[in-house]
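Written below as structure tokens is the structure these notes are about.
Just so it is clear, none of the values below were taken in a lab; they were calculated from the coordinates. In this text the structure is predicted, and so the values were computed from the model without any measurement. Cβ: placed from backbone, ideal geometry, glycine included. Neighbour counts: every protein chain shown.
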Amino acid sequence: MTVRVQAEDFDIGQELSKLRLANSSIGALVSFVGQVRDVNDGDAINTLTLEHYPGMTQKALEAIEIEAKMRWNIIDSLIVHRVGIMQPLDQIVLVVVSGAHRGDAFRACEFIMDYLKTSAPFWKKETTSHGERWVEAKISDDAAKARWIK
């Protein structure tokens, strides 16, 4: 299990290949890539700034990974989350889960992403033609997380 919080972009193909080739028991590799949209709430987005508390963020993401591994039979996982200033089409986050079978890998990947959206300490600020604004949590993100609560 690996967590990286970084300003630099990542190479999806390279990350998938490293994880896939690390264990010959892997039969499934499921991934999610999030990127900066060009429009949010009807306004064109010029930039998105992601801020965080480094130690706190790392621990929160590691805890999410551990919870996924406890719930599903997965072999490995990877979370790469970017911080800093980004523009539309820039990659923000990569979540990859490997497992012997696709079902657990799909569920674990979706769980990690749902918890990351609601439980990881990141703060998003958008710059639009109308100025800057902080992005609030969405009710739909909370609802997605709620379905995993035991």
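What the table shows:
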| quantity | calculated |
| --- | --- |
| Residues within the range 133-149 that are in contact with a helix residue (DSSP H, G or I) (Cβ under 7 Å, 6 or more places away or on another chain), within 25 Å of T47 (Cβ to Cβ) and outside any loop (DSSP other than H, G, I, E, B), tallied | 1 |
| Members of the range 115-132 that are in a strand (DSSP E or B) and either farther than 17 Å from Y53 by Cβ or without any contact (Cβ under 8 Å) to a residue 24 or more places away in the chain (or both) | E126, T127, T128, G131, E132 |
| Criterion: touching a residue at least 12 places away in the same chain (Cβ under 8 Å), under 22 Å from I12 (Cα atoms) and either touching a Lys or Arg at 6+ places or on another chain (Cβ under 9 Å) or of a type in the set (D, E) (or both) - qualifying residue of V95, V80 | V80 |
| Of residues in the range 36-75 being β-branched (V, I, T) and surrounded by 14 or more Cβ atoms within 10 Å (Cβ to Cβ), the one nearest to V135 (Cα to Cα) | T49 |
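Each row is one residue, and each column tells you yes or no for (1) under 19 Å from K117 (Cβ atoms); (2) hydroxyl-bearing (S, T, Y); (3) part of a strand (DSSP E or B).
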position	(1), (2), (3)
E8	no, no, no
S17	no, yes, no
L48	yes, no, yes
E65	yes, no, no
A68	yes, no, no
N73	no, no, no
